[in-house]
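Step one of this worksheet: look at the structure below.
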């Protein structure tokens, strides 16, 4: 902040620094900007930048419309305000409920130097600015908002694509607004027809396209239709990466988890993380864990599951993070649980902390139900661990490395080793079974380490399988069948015919 003050007094351009501090120190940045009231607007815009001022307005916790307008006027006149500035001001005017303020912003926008497509986009975005005398706007609104049925509209789509043909920044603003309108009004097919054919491409356009396809996916009840919408999302992501070299949003991960495509979900997640295309949150990792809970081989994917869980911010671990993990534990084999015992102990500890932090009055009925499932899982996992611990101490002491010479063992180790059963033979009949107090010279030949390991692991797996025979009490998924004395199996989703490729025309 001190360096920013010195730079502003010296009239040095510090737009990047002001942009960064406007979000973290908005109040101090606003005072520095207001101290330049008597300066030339062009000079302020040169030093701080229009984008930084807009970021400051958006970051202020309680900023009135009058403060925002006066702040923007410090940088440039209302005729030179950009699309993003007018978008923010019009939204603030509508939220204030003052009709006069809304029409003042509307008048400023019409008299500004904005591109006509930008003006059209703002008029479509807010119904308060709808003008029936505008023939172009009326035409666009009639083919998007006024049509209730979801069908392909060749005439309307051709008209909209002609509006978007320049492919400029204003065309991208209008395209994103039209796609949002299509999503809000259930015109998914028309929106896809526009999104797959337009030349106006930006991050916002692709994000709106992914949202539209996601809504179309969840509205479908036929598996074939859902597969088609999911393939369209894949097409959007591949095209977005090709043109902009980054992914649009984390909603794609959420959709992949619903489609139970862990391979695709993990590839998108790792590529997103390597490209630093998004801010990693618990929303992203929970989608990965959910898709992993429907995978076919948990042992193969456990390193990825552990990695996704470790990448989850501690403050953002929620029930949506732990419910998939409990499903994975329920469907995992005994050896797999033992191999990742430390990981499951960490999960149980974090679940206990979550249960302690959530009070009865701070959650709804759904959250209470999920918390109850987690509490039951903690009990089941604790009992399983206790049953395994009863066998583990005896087993661990009986395992003798193959390279270790038995003649060098001390008496205590020999006594512990003699407590475990050995292979009976003619040289070692049951009548001379070893006693705990036997001396070294009276002991029978000790079984090999490989045989002892095999015997002990058989006892561990046998005791573990007894616990696994019980039906799972946490997994309520229809596709997962658990029955006593039988391995769990997953009913695959069957499709009639081959999945169609996404239609782009």
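No value in this document is a laboratory result; all are computed from the given coordinates. Model, not experiment: these values are computed from the prediction. Virtual Cβ from ideal backbone geometry, glycine too; neighbours counted across all protein chains shown.
Contour minus end-to-end for residue 389 and residue 111, with contour as 0.36 nm per residue of separation and end-to-end as the Cα-Cα distance?
Full extension from residue 389 to residue 111 adds 92.3 nm.
Determine Rg/Rh for segment 1-102; Rg is computed over alpha-carbon atoms and Rh is the Kirkwood hydrodynamic estimate from the same atoms. Before the final figure, lay out the partial values.
Details: Rg = 13.3 Å, Rh = 13.8 Å.
Taking Rg over the Kirkwood Rh, I get 0.97.
If you count, for each residue, the other Cβ atoms within 10 Å and average over each peptide, how do 254-260, 91-97 line up from highest to lowest?
With the highest mean Cβ count within 10 Å placed first, the list reads 254-260, 91-97.
Once you keep just the Cα pairs under 8 angstrom separated by 6 or more residues, what percentage relative contact order results for segment 1-102?
This gives 26 percent for segment 1-102.
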